[in-house]
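Asks: Sending over a structure as structure tokens; questions will come in a sec.
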């Protein structure tokens with residue numbers, strides 16, 4: 001009688017967190033794509049700056065020449081809000097790992113509210129700018145930077161809403177716990193990218 | 001198992017050890033020490049992670065009879081067949097997520113675009129055959145060469161290379177499907193929409209006409225009014241989404257779904273090439289996405305990225321485009337290198353010389369490929385320091401290419417070659433690609449480049465590297481893997497005609513172009529005057545074009561004939577060594593009945609008579625094994641999503657967004673809503689996996705052997 005050796009996997013779990021799960025890798029590869037996109041976008045911003053004596057370019061008023069530095073109000077509020085939103089997200093992240101459904105639900109609700117507020121603040125920010133996207137190359141670059149980040153905020157918030165609805169209405173299963181941990185990575189990334197963009201958009205023109 | 005070939009015993013092994021080369025049908029009749037060790041560390045890891053001990057799987061005497069076991073195995077296969085069945089009907093066809101079906105659709109679609117691009121090339125060669133010809137008018141000629149270049153680069157070369165990866169990566173790493181099958185399906189639909197968009201425009205006389213790289217300011221709003229360039233820009237968006245999706249799918253599959261035993265050092269060279277390409281796509285494609293989005297927004301909503309009057313910069317476009325465009329060449333070329341290695345291994349019937357240098361060369365090419373882009377821009381005001389740097393980098397990249405070619409020659413040297421058509425195409429690759437590489441080293445030198453910039457010399461160079469470097473290996477790959485796709489062999493006789501017609505035709509078309517370029521004939525002119533003296537060489541090139549085309553025609557006839565009446569191939573017609581040859585041709589929907597355990601670099605040549613396999617995956621759910629990134633230790637029984645209509649719907653939403661976006665920016669708002677809605681349905685819609693109560697929990701004991709034998713013997 002022949003025999004054969006086997007590796008019996010029938011007791012392996014279906015899902016696990018972080019590097020174990022293909023979804024985590026898919027999400028991180030997406031973030032690698034988007035990180036290179038932002039890196040090239042930032043390079044574009046500085047490349048275009050070479051064409052200007054003053055960055056941002058001056059706006060000729062009737063009486064005086066105004067240096068229209070980007071206003072700090074909305075951007076700073078948004079930065080504080082996004083950094084603070086990492087708190088509930090970390091709690092949600094940890095609760096998903098422990099399997100604590102209630103904390104996950106509450107944490108995600110807070111995060112979604114933060115995301116929605118950030119979206120509103122970003123919309124207000126556009127109207128407070130001195131330039132439109134079609135004013136000059138500076139305007140185009142800044143609108144594009146803000147717009148791409150805006151898009152990510154929108155996708156992130158929508159994704160969190162979907163997951164929230166799932167764990168409110170359906171099972172709090174392992175698959176969706178892994179999803180929550182994965183969305184948390186996305187959340188931290190969106191915040192981290194924003195901190196970089198905040199420094200670049202608002203402070204590099206002030207440095208000279 | 002049913003897929004095993006006739007086994008030979010230790011004789012074969014000792015013969016192999018002495019010769020140092022694996023004859024294709026010999027098997028090393030040993031369960032390698034590594035594969036046995038593999039059980040223990042995993043068990044230890046499993047104990048740490050999943051609680052107290054289970055006894056490590058061991059060889060066990062089965063107590064059931066052969067017949068009982070065979071029947072149990074057949075039941076299992078039938079059940080797998082039902083679980084993995086592809087949906088039927090038109091709707092089912094649209095929902096089908098089987099990676100093999102998607103890959104074949106990609107291949108057929110890309111090949112149709114290859115033929116269309118070839119027809120455009122033929123039109124150009126007819127136009128240029130004689131001086132002062134009026135076959136095409138200048139405007140039509142502009143569209144033809146732009147659509148030809150765009151088609152060949154974006155709709156043929158990149159997708160077909162990805163497609164071979166999507167087909168074979170899961171088979172070579174021993175997975176039952178790719179990591180993200182629905183995403184994969186979405187990628188195909190987006191690609192198809194992009195291709196249809198380009199050709200709809202072309203047929204309506206709205207084909208793009210600013211060259212395949214659409215330089216500003218020519219392609220900007222001032223000099224290209226109308227919708228032609230917009231169609232080009234959005235087509236780029238579609239193909240780039242599709243390529244990115246394909247890259248994520250391939251990397252996810254290779255990192256997490258390799259069969260146990262396939263540690264990092266045992267990954268086949270084909271798969272390495274696909275991984276390196278995928279990483280290059282991830283870091284290069286965002287640049288062209290930005291270039292085409294900036295271009296589209298300059299044209300549609302009056303941004304000023306490339307408008308010098310408002311502080312924009314036309315050279316910025318060239319940087320963004322070529323930061324993608326040069327890696328693009330390697331994105332097309334590296335997968336082809338991945339075809340060459342298995343073909344050489346199989347037809348020289350020995351182990352590859354220098355596995356590690358080959359892998360390192362692929363990775364080095366991937367890195368250096370990002371440091372070359374400025375050599376496309378030597379005719380722009382780049383500082384001399386920059387020029388020197390990029391000259392050095394351009395010359396440096398010939399080092400890893402050289403290492404690979406020498407490794408292959410060393411493998412072929414002195415081997416008893418089985419000179420079948422696939423190998424013939426690889427040998428053709430050597431000749432043509434080396435010539436293209438030599439002109440590449442010449443073009444890397446700034447003074448020479450300035451002289452022949454934008455002449456036919458460049459046209460000759462790029463066709464030598466791209467057709468020689470990619471299309472010849474690709475045709476070799478067609479001959480090599482056609483039996484796996486269809487179960488039938490292509491005709492060898494026709495294959496030889498195909499190769500020689502293509503080889504001679506190719507050199508007839510493109511070799512004279514070197515001289516034409518040196519004589520000063522610029523590219524992209526629709527005609528030339530009789531007293532330029534370019535007539536004879538152009539006529540030779542045009543004749544060559546038809547010889548080349550007849551070679552492709554022979555292939556098409558061969559493929560159609562072989563599909564119906566070719567020789568039946570069997571599982572492993574060439575005596576190949578990688579896992580895709582261990583299963584039937586065409587493969588079953590579930591790929592592998594039992595996920596194999598990989599014993600070495602050459603799994604089939606080294607497989608033991610009753611090789612270790614993985615047991616315990618469900619047969620009633622679409623389960624595959626997820627393993628660790630470095631050592632491929634089993635981690636999860638991962639359930640793969642099945643057929644779904646929502647990838648198509650999301651692709652249509654994407655299509656509406658970008659196509660209607662050519663006409664009104666409001667399309668982006670509408671498209672965002674549509675995309676959100678369809679994605680929500682993707683998330684909540686038909687959860688026909690995971691939460692559906694399983695008919696069985698994946699426990700196989702009852703099915704295989706009612707008396708509890710977990711270790712069945714060979715069927």
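The values are calculated or read from the model by the stated rules, or taken from the named source; none is laboratory data. Bear in mind that the values here come from a model prediction, so they are computed numbers and not experimental data. Every residue, glycine as well, gets a Cβ built from its backbone with ideal geometry; the counts of neighbours run over all protein chains shown.
Asks: When residue A:78 is evaluated against the numbered criteria (1) away from chain B (no Cβ under 14 Å); (2) modelled with pLDDT of 95 or more, which criterion, by number, is the only one it fails?
Replies: Evaluating residue A:78 over (1) away from chain B (no Cβ under 14 Å); (2) modelled with pLDDT of 95 or more leaves (2) as the failure.
Asks: Related question: When the residues of the range A:42-56 are filtered to those that are at the interface with another protein chain (Cβ under 8 Å from one of its Cβ atoms) and surrounded by 20 or more Cβ atoms within 10 Å (Cβ to Cβ), which remaining residue is farthest from residue B:597 (Cα to Cα)?
Replies: A:48
Asks: Take residue B:318 and decide whether it is assigned to a helix (DSSP H, G or I) and either in contact with a strand residue (DSSP E or B) (Cβ under 8 Å, 6 or more places away or on another chain) or farther than 29 Å from residue B:600 by Cα (or both).
Replies: Criteria met by residue B:318.
Asks: Just one of B:126, B:160, B:102 is in contact with a helix residue (DSSP H, G or I) (Cβ under 9 Å, 6 or more places away or on another chain), closer than 17 Å to residue B:590 by Cβ and part of a helix (DSSP H, G or I); which is it?
Replies: Numbers: B:126 fails: closer than 17 Å to residue B:590 by Cβ; B:160 fails: closer than 17 Å to residue B:590 by Cβ.
Being in contact with a helix residue (DSSP H, G or I) (Cβ under 9 Å, 6 or more places away or on another chain), closer than 17 Å to residue B:590 by Cβ and part of a helix (DSSP H, G or I) holds for just one of B:126, B:160, B:102, which is B:102.
Asks: Could you please find all residues in the range B:442-455 being assigned to a helix (DSSP H, G or I) and either touching a helix residue (DSSP H, G or I) at 6+ places or on another chain (Cβ under 6 Å) or without any contact (Cβ under 8 Å) to a residue 40 or more places away in the chain (or both)? Can you show your working first?
Replies: Looking only at the range B:442-455, we keep the residues that are assigned to a helix (DSSP H, G or I), and these are B:442-443, B:446-452.
Selection gives B:442, B:443, B:446, B:447, B:448, B:449, B:451, B:452.
Asks: Further question on the same structure: In the set B:369, B:312, which member is farther than 23 Å from residue B:157 by Cα, at pLDDT 90 or above and surrounded by 22 or more Cβ atoms within 10 Å (Cβ to Cβ)?
Replies: B:312
Asks: A follow-up question, please. Answer with yes or no whether residue B:347 is facing another protein chain (nearest Cβ under 9 Å) and either closer than 25 Å to residue A:35 by Cα or assigned to a helix (DSSP H, G or I) (or both). Step through it out loud before you land on a result.
Replies: Working: facing another protein chain (nearest Cβ under 9 Å): no; either closer than 25 Å to residue A:35 by Cα or assigned to a helix (DSSP H, G or I) (or both): yes.
The answer is no for residue B:347.
Asks: Right, another one. Looking at this structure, is residue A:123 surrounded by fewer than 16 Cβ atoms within 10 Å (Cβ to Cβ), more than 19 Å from residue A:189 (Cα to Cα), at pLDDT 90 or above and out of contact with any helix residue (DSSP H, G or I) (no Cβ under 7 Å at 6 or more places or on another chain)?
Replies: Working: surrounded by fewer than 16 Cβ atoms within 10 Å (Cβ to Cβ): yes; more than 19 Å from residue A:189 (Cα to Cα): yes; at pLDDT 90 or above: yes; out of contact with any helix residue (DSSP H, G or I) (no Cβ under 7 Å at 6 or more places or on another chain): yes.
Here the answer is yes, as residue A:123 does meet what is asked.
Asks: Another question, then. Within the range B:177-197, does at least one residue satisfy the condition of being out of contact with any helix residue (DSSP H, G or I) (no Cβ under 7 Å at 6 or more places or on another chain), touching a residue at least 24 places away in the same chain (Cβ under 8 Å) and surrounded by fewer than 24 Cβ atoms within 10 Å (Cβ to Cβ)? Spell out how you get there, then give the answer.
Replies: Step one: of the range B:177-197, the residues out of contact with any helix residue (DSSP H, G or I) (no Cβ under 7 Å at 6 or more places or on another chain) are B:196.
From what is left, the residues that are touching a residue at least 24 places away in the same chain (Cβ under 8 Å) are none.
Scanning the range B:177-197 turns up no residue that is out of contact with any helix residue (DSSP H, G or I) (no Cβ under 7 Å at 6 or more places or on another chain), touching a residue at least 24 places away in the same chain (Cβ under 8 Å) and surrounded by fewer than 24 Cβ atoms within 10 Å (Cβ to Cβ).
Asks: If you go through the range B:386-401, how many residues are touching a helix residue (DSSP H, G or I) at 6+ places or on another chain (Cβ under 7 Å) and either outside any helix (DSSP H, G or I) or more than 24 Å from residue B:468 (Cβ to Cβ) (or both)? Give the derivation first.
Replies: Initially, the range B:386-401 is screened for residues touching a helix residue (DSSP H, G or I) at 6+ places or on another chain (Cβ under 7 Å), giving B:386-387, B:390-391, B:393-398, B:400-401.
Okay, now just the ones that are also either outside any helix (DSSP H, G or I) or more than 24 Å from residue B:468 (Cβ to Cβ) (or both), so B:386-387, B:397.
Looking only at that region, the number is 3.
Asks: Is one or more of the residues making up the range A:107-130 in contact with a strand residue (DSSP E or B) (Cβ under 9 Å, 6 or more places away or on another chain) and farther than 23 Å from residue A:23 by Cα? Quick ask: steps written out before the conclusion?
Replies: Step one: of the range A:107-130, the residues in contact with a strand residue (DSSP E or B) (Cβ under 9 Å, 6 or more places away or on another chain) are A:130.
In the following step, the residues that additionally are farther than 23 Å from residue A:23 by Cα were identified as A:130.
Yes; the residues of the range A:107-130 include at least one that is in contact with a strand residue (DSSP E or B) (Cβ under 9 Å, 6 or more places away or on another chain) and farther than 23 Å from residue A:23 by Cα.
Asks: Going residue by residue through the range B:518-536, is there one that turns out to be assigned to a helix (DSSP H, G or I), surrounded by 18 or more Cβ atoms within 10 Å (Cβ to Cβ) and touching a helix residue (DSSP H, G or I) at 6+ places or on another chain (Cβ under 9 Å)?
Replies: no
Asks: Taking the stated definitions as given, is residue B:431 modelled with pLDDT under 95 and either assigned to a helix (DSSP H, G or I) or crowded, with 21+ Cβ neighbours inside 10 Å (or both)?
Replies: Details: modelled with pLDDT under 95: yes; either assigned to a helix (DSSP H, G or I) or crowded, with 21+ Cβ neighbours inside 10 Å (or both): yes.
Here the answer is yes, as residue B:431 does meet what is asked.
Asks: Kindly indicate the residue of the range B:309-329 that is at the interface with chain A (Cβ under 8 Å from one of its Cβ atoms) and without any contact (Cβ under 8 Å) to a residue 24 or more places away in the chain and also nearest to residue B:376 (Cα to Cα) among those meeting that condition. Even if it seems obvious, please write down each step before you answer.
Replies: Step one: filter the range B:309-329 for residues at the interface with chain A (Cβ under 8 Å from one of its Cβ atoms), giving B:310-313, B:316, B:319-320, B:323.
Then drop every residue that is not without any contact (Cβ under 8 Å) to a residue 24 or more places away in the chain, which leaves B:310-313, B:316.
Values: B:310: 26, B:311: 24, B:312: 21, B:313: 17, B:316: 13 Å.
It comes out as B:316.
Asks: Looking at (1) touching a helix residue (DSSP H, G or I) at 6+ places or on another chain (Cβ under 7 Å); (2) within 17 Å of residue B:482 (Cβ to Cβ); (3) surrounded by fewer than 18 Cβ atoms within 10 Å (Cβ to Cβ), which is the one condition that is false for residue B:551?
Replies: Here residue B:551 clears every test but (3).
Asks: Of these, B:287, B:296, B:247, which one is within 9 Å of chain A (Cβ to nearest Cβ), assigned to a helix (DSSP H, G or I) and either under 21 Å from residue B:213 (Cβ atoms) or out of contact with any helix residue (DSSP H, G or I) (no Cβ under 9 Å at 6 or more places or on another chain) (or both)? Let's see the steps before the verdict.
Replies: Working: B:296 fails: within 9 Å of chain A (Cβ to nearest Cβ); B:247 fails: either under 21 Å from residue B:213 (Cβ atoms) or out of contact with any helix residue (DSSP H, G or I) (no Cβ under 9 Å at 6 or more places or on another chain) (or both).
Answer to the selection: B:287.
Asks: Another question, then. May I ask you to verify whether residue B:673 is at pLDDT 90 or above, more than 26 Å from residue A:22 (Cα to Cα) and within 12 Å of another protein chain (Cβ to nearest Cβ)? Working first, answer last.
Replies: On the way: at pLDDT 90 or above: yes; more than 26 Å from residue A:22 (Cα to Cα): yes; within 12 Å of another protein chain (Cβ to nearest Cβ): yes.
Answer is yes for this residue.
Asks: Could I ask something else about it? Hey, any hits in the range A:48-56 for a residue that's touching a helix residue (DSSP H, G or I) at 6+ places or on another chain (Cβ under 9 Å), at pLDDT below 90, at positive phi and part of a loop (DSSP other than H, G, I, E, B)?
Replies: Among the residues of the range A:48-56, not one is touching a helix residue (DSSP H, G or I) at 6+ places or on another chain (Cβ under 9 Å), at pLDDT below 90, at positive phi and part of a loop (DSSP other than H, G, I, E, B), which makes the answer no.
Asks: If residue B:626 satisfies every condition in (1) buried (at least 21 other Cβ atoms within 10 Å of the Cβ); (2) at pLDDT 90 or above; (3) away from chain A (no Cβ under 14 Å) but one, which is the exception?
Replies: Single failed check for residue B:626: (3).
Asks: Among the listed residues B:217, B:208, B:268, B:260, which satisfies the condition of being buried (at least 24 other Cβ atoms within 10 Å of the Cβ) and closer than 30 Å to residue A:137 by Cβ?
Replies: Working: B:217 fails: buried (at least 24 other Cβ atoms within 10 Å of the Cβ); B:268 fails: closer than 30 Å to residue A:137 by Cβ; B:260 fails: closer than 30 Å to residue A:137 by Cβ.
Answer to the check: B:208.
Asks: Which of the residues that make up the range B:583-623 are surrounded by fewer than 24 Cβ atoms within 10 Å (Cβ to Cβ) and closer than 23 Å to residue B:344 by Cβ?
Replies: Those that are surrounded by fewer than 24 Cβ atoms within 10 Å (Cβ to Cβ) and closer than 23 Å to residue B:344 by Cβ: B:583, B:585, B:600, B:601, B:602, B:606.
Asks: Another question about this same structure. Quick check on my filter: what residues within the range A:133-147 are surrounded by fewer than 19 Cβ atoms within 10 Å (Cβ to Cβ) and facing another protein chain (nearest Cβ under 9 Å)?
Replies: Once the filter is applied, which keeps residues that are surrounded by fewer than 19 Cβ atoms within 10 Å (Cβ to Cβ) and facing another protein chain (nearest Cβ under 9 Å), the range A:133-147 yields only A:134.
Asks: Right, residue A:102: modelled with pLDDT of 90 or more, over 17 Å from the mean Cα position of the chain (by Cα) and surrounded by fewer than 15 Cβ atoms within 10 Å (Cβ to Cβ) or not? First the steps, then the outcome.
Replies: On the way: modelled with pLDDT of 90 or more: yes; over 17 Å from the mean Cα position of the chain (by Cα): yes; surrounded by fewer than 15 Cβ atoms within 10 Å (Cβ to Cβ): yes.
So residue A:102 passes the test.
Asks: State which residue is modelled with the highest pLDDT when the search covers only the range B:260-278 and only residues that are farther than 14 Å from residue B:629 by Cβ and within 12 Å of chain A (Cβ to nearest Cβ).
Replies: Out of the qualifying residues, it is B:278.
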